[in-house]
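Okay, so here's the structure we're looking at.
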Amino acid sequence: MKNEIKKILLKIFPAILLTFFTPNLSHAAISPINISADDAIIGVNTYGFVDLEGAKPSAIIVEYNQSIDAATVHKDTFKINDYVTMQEQEYGFDQSIERDGDDIQGNEGQITKVYVNNAPAPSKTGGTKYGRYAIIELNNTYMLKGQNLPYTTSMMAGVVQKNDITGEKGLITDSKQEFKNYTMTQKQDDQGRMRAVITTDKSHIILPEFGPESGWTIHYIGQNAFKATHCYSEYTGKYEDFELPYSIYVPDEATLNNYKGHISLVVHMEHAGANDMDPMAAITSSKAAVKLSEATVQSKNPAIIVVPQIENNRRSTNDVVASSEANTAVWELLDHILEKYKGYIDTNRIYGTGQSMGGMLLLNMAAQRDNFFAGLALVGAQWSNSYDKPFQNNGAPARSPENDTISFNGFGLDKENYQNWYYMISDDNILVSTCADDPMGIGEWRALSDYYAAAGVKIAYDEWDPYLSLEKQNEREKNLTQHQNNSPGTGINWVTFTRGNHMSTWKYGYQLDYPFTWLFAQNRKTELRRGKIAQLKNKWLGRDSDGKVKIGSGTAHLNSAQFTPDGASDIYAEGWTSDSVRKKLKDTAPTDIQK
C-alpha cells in the first residue's frame, strides 16, 4: 500500500517529491519532468560466466541515460526474460532442467536481487545509492538439460520496467516495450521442424573471465588470427591456406619469469557444436578452458592454454577416423607457440584436453608425433584404426609422412606403424571419460580393451554415477589411476558415467577437479620409459568362437569396427575391407537398385 501511495504522489507532485527523495543527485534538474523508461533506457547487457553447460548469465544490467535512485528500485521493478525462463515457460521444468541447485522448482534464472551501481557490473557491496545502471542479479544454481549452447544463445536477456523509479532528471515511468539484447528468428531443422534461433548481440555480453586483465587474448579472423599454410585435408586430398582463429591464456610476466623452463602448454579442443568463426565460441562452450586458467589450477601448475577455433566448414575430424586441414593447422599453431615461448615451456609437459570431435583430433595427433603429448585428459572422445581411409573419404589419400610433412615433422616418427593407432598410443598417458548412453565411445574403448587384453594388458576401468558427491567422484578417479603403470599399455585409464548421453560427458567430466590434477602430474619421460605393446605390431588374427581376440593377435592392418551414435555399424564391422563393404552393400540393396 505504501508503494502505491508513493507512486501516486510521485505523479502528482514530482517537483516536491523529487526534492525530498533525491537530495544528493549532483545533477538534479531544477524543474523535474517525467520521462518514459522507453526513452530513458539506453540498453541491456548480460553479465555472466562459463558454467558446466556453457556461458550462463548471472546478472542483467540495464543502462539508463541518467542516474537513478537506488531507494526506488526493487525486485518487483522489473520483469525479465532469459533463456532458462523462456525454456521453462515453453517446455516445463522437467524438460528444461537437469539439476536444480536449490530444490526450488521454477526459480531458475529468476531475479534474486536488484540494486543500482555506478559501473556496468555487479557489486560485492550491494551497489551505490545513485548510478546509471540497474543491476538485476539472477539465480544461476541449476544445470540446463541437453547439449551445451552457443554463448550467443544462452546469454540472451530482455527487460521491462514495470514500476516507476526516480531519476536525476525526473520521474522515469514504466516502459511499454521490452528492452533486449537479442533477436529471434525461425529456422527449419534437418527434420523439417521450425525452430527458434536466438542470436544475442555480442557487444551486449559481458564475460569478465575473458576480460582485459584475465590473461586471455582472443585472435579473430581478419585481425590477429594465425595464418596456417599448406594444410592437408583427408576429406578432399587438397591443401589449404587459411586463418585459424584461436584464444590463448598466458600467465603474467612475473609468473613466466619465475617459472621459466617449467611452464606447461595445454591445447584444448572443443566439440563440433562449438564450430564457428568466432573464437569465443570454443572457450565458452564448456567449463574446461576457464577451469584450466583459474588461479586454483595456475597457482600450482602455471600453464599456457591455447584453444584453436574450428570453423563449420573445417570440421577437424569425422566419425570414420579422418581429419581435415584443421589437423595440420593446429600443429602449425602449436609449433608457433613453442617457438615464441622457447625456454619458458617445459616440452616434457605438453598436454591435451578436449571433448568429442576435439578429443578425437588429439587422439589422432598423438600417433602423428609419437610421445609429443605428456598426457591427454579427454571426455566423450574415441579413435580407432583405418587402413582404408580413401574408401570412405571420396578417394582422398590418407594423411601420411609423405603428403603432410607438417603433421609428421619427424618428431617420434614411425613410418612403419603410424597407421596402427592402437600400437602407437600404447605407451601414452590417457584419462578418458564416457557416458553409458554413448555407443560410439563405449564401443571403441571396449575394442581397445579387448586388443590390449589379448596382449596381457588390462586397462584400468571404473564406473560411477555422476550425481555422486564431487568429493566421492574425485576420490574414485584418483583411486582408478593409482595403479602400477610402468609396463606397456598401463598408462591408459577409462571412466564411464552410469547415466547421461554423449553430450552429457563434458558436463560431468569437467565438474571434477582430479582429471586436471592427474594431467599436470604426467610427464612424457614416463611414456618413453614405459614403452609400447610390441604384440600390437603383429597382424590381426581375428576372434575365437567365444568372441575373444585370438592370443598373439596384433592390430596391424586391422580396420577396426566403426560405430555410430546408434551403435555398431553392420557394414563396417571389425576387419572390414573395401571389398567386404561393397559386397554387403550389394547384398542389402533392393533388387531394382542392384540391377
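The values are calculated or read from the model by the stated rules, or taken from the named source; none is laboratory data. Quantities reported herein were computed from a predicted structural model and do not represent experimental measurements. Ideal geometry is used to build each Cβ from the backbone, glycine not excepted, and the neighbour counts take in all protein chains shown. What goes into the accessible areas is simple: the full protein's heavy atoms, side chains included, and nothing from ligands, DNA or RNA. Shrake-Rupley method; radii C 1.70, N 1.55, O 1.52, S 1.80 Å.
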Enumerated helices (runs of 4 or more DSSP H) restricted to segment 508-595, each holding at least 2 residues that are at pLDDT below 95: 578-588, 591-594
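So that you can scan it fast, the table gives a plain yes or no per residue for (1) charged (D, E, K, R); (2) assigned to a loop (DSSP other than H, G, I, E, B); (3) open to solvent by 10 Å² or more (accessible area, probe 1.4 Å):
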| site | (1), (2), (3) |
| --- | --- |
| N45 | no, no, yes |
| A59 | no, no, no |
| I68 | no, no, no |
| D76 | yes, no, yes |
| T85 | no, no, no |
Scope segment 317-349; condition assigned to a helix (DSSP H, G or I) and either open to solvent by less than 10 Å² (accessible area, probe 1.4 Å) or more than 20 Å from F408 (Cα to Cα) (or both); matching residues: A326, N327, T328, A329, V330, W331, L333, L334, I337, K340
Filter pass, S324 being under 18 Å from the mean Cα position of the chain (by Cα) and not basic (K, R): no
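One line per residue, one yes/no per condition, for (1) of a type in the set (K, R); (2) open to solvent by 40 Å² or more (accessible area, probe 1.4 Å):
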position	(1), (2)
G359	no, no
G375	no, no
F391	no, yes
R399	yes, no
N403	no, no
N417	no, no
I442	no, no
W445	no, no
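Take the residues in segment 260-315 that are among the aliphatic types (A, V, I, L, M) and in a loop (DSSP other than H, G, I, E, B), then tell me which one is nearest to S233 (Cα to Cα).
Out of the qualifying residues, it is I310.
Residues are listed down the side, and each one gets a yes or a no for (1) within 30 Å of S123 (Cα to Cα); (2) free of Cβ contacts under 8 Å to residues at least 12 places away in the same chain; (3) in contact with a helix residue (DSSP H, G or I) (Cβ under 7 Å, 6 or more places away or on another chain):
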{"position": "A196", "(1), (2), (3)": "no, no, no"}
{"position": "E213", "(1), (2), (3)": "yes, yes, no"}
{"position": "W216", "(1), (2), (3)": "yes, no, yes"}
{"position": "S233", "(1), (2), (3)": "no, no, yes"}
{"position": "Y239", "(1), (2), (3)": "no, no, no"}
Residue satisfying condition, being of a type outside the set (A, V, I, L, M, F, W, C), more than 17 Å from the chain's Cα centre (by Cα) and open to solvent by less than 30 Å² (accessible area, probe 1.4 Å), within set N257, N181: N181
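Among the residues of segment 468-475, are any open to solvent by 50 Å² or more (accessible area, probe 1.4 Å), closer than 30 Å to G395 by Cβ and either among the hydroxyl-bearing types (S, T, Y) or assigned to a loop (DSSP other than H, G, I, E, B) (or both)?
No, because not a single residue in segment 468-475 is open to solvent by 50 Å² or more (accessible area, probe 1.4 Å), closer than 30 Å to G395 by Cβ and either among the hydroxyl-bearing types (S, T, Y) or assigned to a loop (DSSP other than H, G, I, E, B) (or both).
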Some residue of segment 497-508 being touching a Lys or Arg at 6+ places or on another chain (Cβ under 8 Å), surrounded by 15 or more Cβ atoms within 10 Å (Cβ to Cβ) and hydrophobic (A, V, I, L, M, F, W, C): yes
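Restricting attention to segment 447-460, and to residues there that are in contact with a helix residue (DSSP H, G or I) (Cβ under 7 Å, 6 or more places away or on another chain) and outside any helix (DSSP H, G or I), which single residue is surrounded by the fewest Cβ atoms within 10 Å (Cβ to Cβ)?
Within segment 447-460, the match that is surrounded by the fewest Cβ atoms within 10 Å (Cβ to Cβ) is A460.
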Strands (runs of 3 or more DSSP E) contained in segment 149-231 and holding at least 3 residues among the aliphatic types (A, V, I, L, M): 157-161, 194-200
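Every residue in segment 193-230 that is among the hydrophobic types (A, V, I, L, M, F, W, C) and out of contact with any Lys or Arg (no Cβ under 9 Å at 6 or more places or on another chain), please. Give the steps one after another, and end with the answer.
From segment 193-230, those among the hydrophobic types (A, V, I, L, M, F, W, C) are 194, 196-198, 205-207, 210, 216, 218, 221, 225-226, 228; that's our starting set.
The answer is I198, I205, I206, L207, F210, W216, I218, I221, A225, F226, A228.
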